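K.L.:
Structure in structure tokens, see below.
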Amino acid sequence: MFLTRIIYGIEYFIVLVVEIIKAVLDTSKCSIEGNIDPVVIDIKTELKRPISQTILANSITLTPGTLTIDLDSENQILKVSALTPRSVEDIIPFEKNIKKMLE
């Protein structure tokens, strides 16, 4: 079980790095073209443990173009600011990896 969680942790890290690279390119493109339309989105998460929610919130903040403003741990809601309107799946593609790793 411990080894499985380590494997999921490595998978999460790889997905996070790939998403950061994609976000850098997307944010740069939007900034150069001037296509910035900031939005604030409430995202309901499946994660129940506060540590899992915190890691998700920090992962969102590490990704360029997004920032976690607030975390309501009891109601499992993240308030996220994004430079451009995006779908929830685009903002938190690594939620399932964190769930497998820590839940």
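K.L.:
Under 20 Å between C-alpha atoms is the cut-off here; go through the chain and count lysine pairs that meet it, provided they're at least eight residues apart or on different chains.
P.N.:
Summing the qualifying lysine pairs gives 11.
K.L.:
Apply the Karplus curve 6.51 cos²θ - 1.76 cosθ + 1.60, θ = phi - 60°, to the phi angles in the stretch 29-37 and return the couplings in whole Hz, x for Gly and Pro.
P.N.:
4, 5, 5, 5, 7, x, 8, 10, 9
K.L.:
Next up: Per residue, how much accessible area does the chain have with a 1.4 Å probe, in Å²?
P.N.:
Here the per-residue accessible area is 60 Å².
K.L.:
Please compute the modelled spin-label separation between residue 72 and residue 88, points set 7 Å along Cα→Cβ, answer in nm with one decimal.
P.N.:
1.3 nm
K.L.:
Tell me the carbon and sulfur percent of the accessible area for the chain, rounded to whole percent, probe radius 1.4 Å.
P.N.:
Here it works out to 64 percent.
K.L.:
Something else now. Which value, in Å to one decimal place, does the Kirkwood hydrodynamic radius take for the chain when every pair of different Cα atoms is included?
P.N.:
Kirkwood radius, the chain: 14.1 Å.
K.L.:
Taking the Cβ of residue 93 as the center, what net charge do the other residues with Cβ under 14 Å away carry, scoring Lys and Arg +1 and Asp and Glu -1?
P.N.:
-2
The values are calculated or read from the model by the stated rules, or taken from the named source; none is laboratory data. Since the model is a prediction, treat every value here as computed from it, not as a measurement. Using ideal geometry, Cβ is built from the backbone for each residue, glycine included, and neighbour counts are taken over all protein chains shown. Only protein heavy atoms, including side chains, enter the accessible area calculation; ligands, DNA and RNA are left aside. Shrake-Rupley method; radii C 1.70, N 1.55, O 1.52, S 1.80 Å.
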